[in-house]
Amino acid sequence: MARTAANQPNAVSLTHRRGLLYDAKMRGSTSARRESGPSFVPAFLDKFAERAGALLRIDGLDAAEDRAVIRAGLILAFAAMAVRAVHMAYALRYWEDALITCLHTENLVGGLGLTHVRPGEPPLHGFTSPLSVLVPLIGDLVRVGFGVDFIKIVSLPAAALTVLYVLAIGLHPRVRLPGPLIGLVMGYVALEHSQILWAASGMETQFVVLTFVMSLYYAIAWQPLPLGISLGLCMLARPDFAFWTIIVGIYGLFRAPRQLLLRVVPVALALYLPWVIFTFLYYGSPVPHTIIAKGLGYPKFIDQVGLMTWRKIFDYSWMRAAAQFQSMLGPSYCGHGATVNVFFSSGYLSPVGIFISVFVVIGMIVIVLGRQWPLWPLVGFALVYLVYYVYAVPIIFGWYKMPLLAALVFLGARGVAGATAWLRDRPRAILQTALAVAYVGLFVAVLPITFATDRQVQRHVEDALRKEAGLYLRDRMQPDEAVGGEPLGYMGYYSRGNVYDWPGLDSRAVVAWSRANPGKRSLENMLRDLRPEYLFLRDVEVLYSFKDTSWIRRDYHPVKAFLIDPEAAKKMRWIETNIDVQYRLYKKSRQDDAQPYDDGLWPCAPPVNITATPILNRYGLAFARQRRHREAAAHFERVIELAPTDRQAHENLAVVYLRDGQRDRARNVVEKLRDRWGEVDPRLLRAMEGQEQ
């Protein structure tokens with residue numbers, strides 16, 4: 001394909017687009033290298049690029065004028081595999097959703113069917129992504145239990161291919177992104193922590209990003225056969241890629257409608273339709289049970305919008321977009337599961353993310369106003385999925401966002417190219433190169449911190465608490481019993497028992513309850529109504545989230561606590577955002593149980609990761625008003641431990657001790673008040689005197 005700017009009216013000339021690397025070649029460095037003969041590494045990279053381009057039908061990987069950026073891309077592709085391999089070997093993380101899907105494949109190989117639930121029940125479609133089971137199934141066919149590690153291994157070459165397709169998109173004559181900015185996007189997909197985390201933890205995330213950039217490239221290059229294959233793989237990677245296939249289809253209707261209908265669509269259907277037929281015959285429906293469960297169990301925007309003012313709708317939209325996407329355009333950490341922890345910021349606004357977001361908007365404007373038609377699907381993808389995630393997805397789990405974030409970074413790179421187009425060649429190349437190096441360098445700089453934190457979370461939370469709880473029940477729970485709680489992955493995988501998870505990802509009983517109780521849908525109400533034999537609950541749920549725990553205290557008793565090592569918690573970055581640091585198992589109380597129960601196992605002290613004294617004081621006062629004296633005292637004690645000069649906490653603690661009948665403890669607190677502050681509130685002294693009389 002010709003690579004001249006003359007037949008591409010919207011493209012920047014080659015001389016202006018490659019940056020410092022290209023300029024250096026134009027000054028003669030390439031000819032000097034040719035005269036002295038190529039070294040082994042550049043020759044290997046060039047040969048590899050040529051063969052990869054021929055195999056994958058990628059144009060331009062053998063272009064001499066782009067040799068420097070192509071070599072850089074190949075190095076980043078190998079780096080993508082290397083850093084993921086290091087993460088796998090060092091952090092040893094296993095994301096709980098990976099254990100959910102891989103239990104299906106292990107059960108299939110074990111003769112129980114492609115299902116998660118216990119034997120004797122019809123198979124349940126308890127996973128969302130077909131590739132999340134098809135890939136580990138190969139590993140489990142080799143050896144049962146190898147599937148989750150096999151999908152990790154396969155994600156390594158998938159990461160390299162992702163980088164290569166990003167390189168191909170940037171180099172394509174219809175795109176013509178400057179070399180340093182191609183490097184910026186490649187560096188992001190190769191080295192950003194979240195792009196690494198879920199693939200290296202057993203999820204299908206790398207295949208999702210790969211199929212997206214693959215299909216984007218073949219849409220830009222308009223190669224119908226590979227495009228059909230890649231769109232079929234997109235649907236196998238994630239069902240909500242149906243939006244993307246529609247976007248590409250609309251583009252194809254304008255680009256080449258005959259080829260779209262006669263080649264692209266049939267090939268895509270040939271890949272995806274067999275799966276639809278299989279799920280319809282095997283499960284009774286091609287719609288995953290997980291989608292039904294989430295749709296019923298999680299609160300939705302459309303259910304709240306009627307009660308919201310326009311200002312609240314705007315605030316909701318901004319918070320969702322900024323906290324979920326802007327924050328992850330800069331260095332961040334999502335390994336604690338529930339939150340995005342932002343580097344270089346005390347909140348959800350990332351200075352780096354804000355900076356890139358500005359260029360994302362500029363990039364969209366440049367593409368639309370410049371009528372850069374081949375990139376219109378990319379703009380459509382970004383806009384459609386932003387709206388979809390902000391308004392239609394109740395809980396935006398981190399791995400959902402990876403292809404969209406890659407698209408936003410690419411748009412940001414296009415925005416930088418447009419914003420710097422007015423500069424002269426050399427200043428522009430210097431600025432773009434400096435920006436790309438700084439941006440990617442920030443992600444690389446935080447990798448030691450994020451990798452170390454992943455290792456700590458796996459060792460001290462996942463393995464020490466959730467895995468151990470599953471193993472504990474595996475030896476004790478009977479086949480006709482169930483355990484109820486929010487998490488499913490570790491509990492289901494290691495207990496191999498029946499789990500009433502929330503919102504019922506792999507539980508017919510929970511989804512049936514949700515259908516029958518539309519006004520009561522919550523974890524607390526589900527457990528209270530279904531009453532499984534065991535409860536597996538976080539301390540934060542029992543202490544703070546549940547509105548009424550009297551039924552737990554009346555009908556259950558704690559049998560085992562799974563608590564993070566306090567010393568390990570002190571060393572773990574962002575531990576305050578992890579909700580999984582303290583769990584307890586509760587069992588139904590029966591008349592023939594050995595008595596008495598261990599009342600000391602009931603949760604009363606705040607979890608070790610709650611260290612904000614205003615929050616602890618507020619909880620302590622709330623417990624005091626409810627006459628829950630043990631919990632109130634434990635919270636005021638924690639405040640005093642963290643802030644010894646908090647006089648109000650001392651006084652509140654003395655009052656709670658008095659109300660609980662612990663006069664000696666109350667007297668000790670009063671003496672500390674007198675020693676430290678010289679005087680004591682007269683009301684407290686009168687209360688002490690009244691108690692002693």
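Could you tell me which of the residues GLY295, GLY335, GLY330 is open to solvent by less than 10 Å² (accessible area, probe 1.4 Å), at negative phi and out of contact with any Lys or Arg (no Cβ under 8 Å at 6 or more places or on another chain)?
Result of the check over GLY295, GLY335, GLY330: GLY330.
Just checking, does segment 567-578 include any residue being among the hydrophobic types (A, V, I, L, M, F, W, C) and closer than 18 Å to TYR500 by Cα?
no
How about segment 101-113: which of its residues are of a type outside the set (S, T, N, Q) and surrounded by fewer than 24 Cβ atoms within 10 Å (Cβ to Cβ)?
Within segment 101-113, GLU106, LEU108, VAL109, GLY110, GLY111, LEU112, GLY113 qualify.
If I ask for residues that are of a type in the set (A, V, I, L, M, F, W, C) and either outside any loop (DSSP other than H, G, I, E, B) or in contact with a His (Cβ under 6 Å, 6 or more places away or on another chain) (or both), which ones from segment 92-126 would you list?
ALA98, LEU99, ILE100, CYS102, LEU103, LEU108, VAL109, LEU114, LEU124, listed by residue number.
Does TYR165 qualify as being touching a helix residue (DSSP H, G or I) at 6+ places or on another chain (Cβ under 6 Å), more than 30 Å from LEU99 (Cα to Cα) and of a type in the set (Ser, Thr, Tyr)?
no
Looking only at segment 212-226, count every residue that is buried (at least 24 other Cβ atoms within 10 Å of the Cβ) and either closer than 16 Å to ALA406 by Cα or touching a Phe, Trp or Tyr at 6+ places or on another chain (Cβ under 7 Å) (or both) and tell me the total.
Residues meeting the conditions: 7.
Take the residues of segment 432-445 that are in contact with a Pro (Cβ under 9 Å, 6 or more places away or on another chain) and closer than 14 Å to PRO180 by Cα: which is most open to solvent (accessible area, probe 1.4 Å)?
VAL437
Go through (1) within 22 Å of THR162 (Cα to Cα); (2) open to solvent by 60 Å² or more (accessible area, probe 1.4 Å); (3) hydrophobic (A, V, I, L, M, F, W, C) one by one and return the number of the condition TRP422 breaks.
(1)
Give segment 47-63 a look and list any residue that's open to solvent by less than 40 Å² (accessible area, probe 1.4 Å) and under 18 Å from PRO173 (Cβ atoms), or say none.
Once the filter is applied, which keeps residues that are open to solvent by less than 40 Å² (accessible area, probe 1.4 Å) and under 18 Å from PRO173 (Cβ atoms), segment 47-63 yields ALA49, GLY53, LEU56, ILE58, GLY60, LEU61, ALA63.
Which pairs do you get when a residue that is under 16 Å from PRO614 (Cβ atoms) and of a type in the set (Gly, Ala, Ser), found in segment 626-645, comes within reach of a residue that is in a helix (DSSP H, G or I) and open to solvent by less than 20 Å² (accessible area, probe 1.4 Å), reach meaning Cβ atoms under 9 angstrom, with the pair 6+ apart or on two chains?
Sorted first by the residue in segment 626-645, then by its partner, the pairs are ALA632/GLY620; ALA632/PHE623; ALA632/ALA624; ALA632/LEU653; ALA632/VAL656; ALA643/ALA649.
Residues to consider are PRO119, PRO136; find the one that is out of contact with any Pro (no Cβ under 6 Å at 6 or more places or on another chain), modelled with pLDDT under 95 and at negative phi.
Answer to the check: PRO119.
(1) closer than 24 Å to ALA622 by Cα; (2) modelled with pLDDT of 95 or more; (3) over 24 Å from the mean Cα position of the chain (by Cα); (4) not aromatic (Phe, Trp, Tyr): which one isn't true of LEU523, the others all being true?
(3)
List the residue pairs whose Cβ atoms are under 6 Å apart, where the first residue sits in segment 154-177 and is open to solvent by less than 10 Å² (accessible area, probe 1.4 Å), the second is of a type in the set (Ser, Thr, Tyr), and the two are 6 or more positions apart or on different chains.
Correct list of pairs: TYR165/TYR217; ALA168/TYR217; ILE169/TYR217.
Any residue in segment 489-498 that is open to solvent by 50 Å² or more (accessible area, probe 1.4 Å) and among the aliphatic types (A, V, I, L, M)?
No, segment 489-498 has no match at all.
Does segment 129-141 contain at least one residue that is in contact (Cβ under 8 Å) with a residue 60 or more places away in the chain, assigned to a loop (DSSP other than H, G, I, E, B) and surrounded by 16 or more Cβ atoms within 10 Å (Cβ to Cβ)?
yes
Of everything in segment 509-523, what is surrounded by 15 or more Cβ atoms within 10 Å (Cβ to Cβ) and either in a helix (DSSP H, G or I) or of a type in the set (Ser, Thr, Tyr) (or both)? Give them in sequence order.
ALA509, VAL510, VAL511, TRP513, SER514, SER522, LEU523
Taking segment 535-572, which residues are among the basic types (Lys, Arg) and within 24 Å of ARG455 (Cα to Cα)?
ARG538, LYS570, LYS571
Out of the residues in segment 64-78 that are crowded, with 18+ Cβ neighbours inside 10 Å and among the hydrophobic types (A, V, I, L, M, F, W, C), state the one that is farthest from ALA160 (Cα to Cα).
The extreme case among them is ALA68.
Hey, any hits in segment 257-270 for a residue that's open to solvent by 20 Å² or more (accessible area, probe 1.4 Å), under 27 Å from VAL387 (Cα atoms) and touching a Pro at 6+ places or on another chain (Cβ under 9 Å)?
no
Name the helices (runs of 4 or more DSSP H) wholly within segment 251-361 that hold at least 3 residues that are small (Gly, Ala, Ser)?
In segment 251-361, 289-297, 310-324 are the helices (runs of 4 or more DSSP H) which contain 3 or more residues that are small (Gly, Ala, Ser).
Would segment 547-566 turn up any residue that is in contact with a Gly (Cβ under 7 Å, 6 or more places away or on another chain), modelled with pLDDT of 95 or more and among the aliphatic types (A, V, I, L, M)?
no
Run down PRO614, PRO603 and say which single residue is touching a residue at least 40 places away in the same chain (Cβ under 8 Å) and within 30 Å of TYR333 (Cβ to Cβ).
Of the residues listed, the single one that is touching a residue at least 40 places away in the same chain (Cβ under 8 Å) and within 30 Å of TYR333 (Cβ to Cβ) is PRO603.
Residue under question is LYS312, and the condition is that it be without any contact (Cβ under 8 Å) to a residue 40 or more places away in the chain and either out of contact with any His (no Cβ under 6 Å at 6 or more places or on another chain) or of a type outside the set (Asp, Glu) (or both); does it hold?
Criteria met by LYS312.
On the given criteria, is LEU505 of a type in the set (A, V, I, L, M, F, W, C), touching a Phe, Trp or Tyr at 6+ places or on another chain (Cβ under 9 Å) and in a loop (DSSP other than H, G, I, E, B)?
yes
Restricting to segment 390-419, name every residue that is in contact with a Leu (Cβ under 8 Å, 6 or more places away or on another chain) and either under 18 Å from LEU177 (Cβ atoms) or open to solvent by 30 Å² or more (accessible area, probe 1.4 Å) (or both).
Within segment 390-419, LEU405, ALA407, LEU408, VAL409, PHE410, LEU411, GLY412, ALA413, ARG414, VAL416, ALA417 qualify.
Within segment 362-386, take every residue that is open to solvent by 50 Å² or more (accessible area, probe 1.4 Å) and within 24 Å of the chain's Cα centre (by Cα) and give me the one that is farthest from VAL185 (Cα to Cα).
VAL384
Given the condition of a type outside the set (D, E, K, R) and either at pLDDT below 95 or in a loop (DSSP other than H, G, I, E, B) (or both), answer yes or no: does some residue in segment 460-476 qualify?
No.
The values are calculated or read from the model by the stated rules, or taken from the named source; none is laboratory data. The structure displayed is predicted, hence computed values, not measured ones. Backbone-built Cβ (ideal geometry, glycine too); neighbour counts: all protein chains shown. Heavy atoms of the whole protein, side chains included, go into the accessibility calculation; ligands, DNA and RNA do not. Shrake-Rupley method; radii C 1.70, N 1.55, O 1.52, S 1.80 Å.
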